[in-house]
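Read the structure below first, then the notes.
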Amino acid sequence: EAGVAQSPRYKIIEKRQSVAFWCNPISGHATLYWYQQILGQGPKLLIQFQNNGVVDDSQLPKDRFSAERLKGVDSTLKIQPAKLEDSAVYLCASSYGTGVSAFFGQGTRLTVV
Amino acid sequence: GESVGLHLPTLSVQEGDNSIINCAYSNSASDYFIWYKQESGKGPQFIIDIRSNMDKRQGQRVTVLLNKTVKHLSLQIAATQPGDSAVYFCAESLQGGSEKLVFGKGTKLTVNP
């Protein structure tokens, strides 16, 4: 079974630029999560999708972050414009549903300079 | 609140010893808990999970204990190996709403040969 795929693995941008991350979840997984993990901290949930609908985006900075999951499969997370404090690893995870274990991708390490 | 915390940020053990990693959670309504292992440069990897209707669950070399009275979760690793060196996170799933996974800050386990 293929795992959660994310790209790119690394990205360096200047502040005020925009960036996008891509995630392909495990086949058949209806729930998709985007987490932000700042160095030395635990992952923080940004947004959760159930199929192509948003279930929770309460911690997503909506003035600069956006995410979509077209057709209930792949998802993209965008930051525009980026700030220095957005430097972090962005993790995508998926699960069959809520209340069950989520499986994570390798993450995208973003550095904003 | 929605916080999940850990008692110790670091733990150092000798190879072959048993390790115990602790986690405290604050929301008595949480009904699902997961332990994740995260190695450097990788996404969190599922280790074991437990639901609130259980107080103990065993896997291969790992045991999770849940004490709902004091809202405490622990991960026991038997015969710890150098490959167990990583940061361990407990995650709490909150009942109601989106049942999002909330992570603690993590415990760094170092296994000395």
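A few notes on this one:
- Potential lengthening between B:GLN76 and B:LYS56 on full extension [0.36 nm per residue; Cα-Cα distance subtracted]: 6.1 nm
- Expressed as a whole percent, the accessible area of segment A:5-112 that falls on carbon and sulfur atoms is 51 (1.4 Å probe).
- Summed over both chains, the accessible area lost when A and B associate is about 1600 Å², using a 1.4 Å probe.
- Anisotropy class of segment A:5-112 from Cα gyration tensor, a/c 1.5 cut: prolate
- Gained length - A:VAL113 relative to A:ARG9, 0.36 nm times residue gap less alpha-carbon distance: 35.7 nm
- Cβ-derived FRET efficiency at R0 41 Å, B:ASP17 paired with A:TYR96, nearest 0.05: 0.70
- Distance (nanometres) between label positions extended 7 Å along Cα→Cβ at B:LYS108 and A:ASN51: 4.4 nm
- Label point 7 Å beyond Cα of A:GLN17 along Cβ direction - residues of segment A:43-83 with amide nitrogen under 11 Å: A:82
- Per residue, in Å², the accessible surface of the protein assembly as shown once ligands and nucleic acids are set aside, probe 1.4 Å: 48 Å²
- Computed accessible area, A:GLU14, all protein chains, 1.4 angstrom probe, square angstrom: 110 Å²
- Dipole in debye (nearest 20) - chain A, about Cα centre, beta carbon charges: Lys, Arg +1; Asp, Glu -1: 300 debye
- Of the solvent-accessible surface of chain B, computed with a 1.4 Å probe over protein heavy atoms with every protein chain present, carbon and sulfur atoms account for 47 percent.
The values are calculated or read from the model by the stated rules, or taken from the named source; none is laboratory data. A quick note: this is a predicted structure, and the numbers were derived from the prediction, not measured. Quick reminder, even Gly has a Cβ in these numbers, built from the backbone with ideal geometry, and neighbours come from all protein chains shown. We work out accessible area using only protein heavy atoms, side chains counted, and drop any ligands, DNA or RNA first. Shrake-Rupley method; radii C 1.70, N 1.55, O 1.52, S 1.80 Å.
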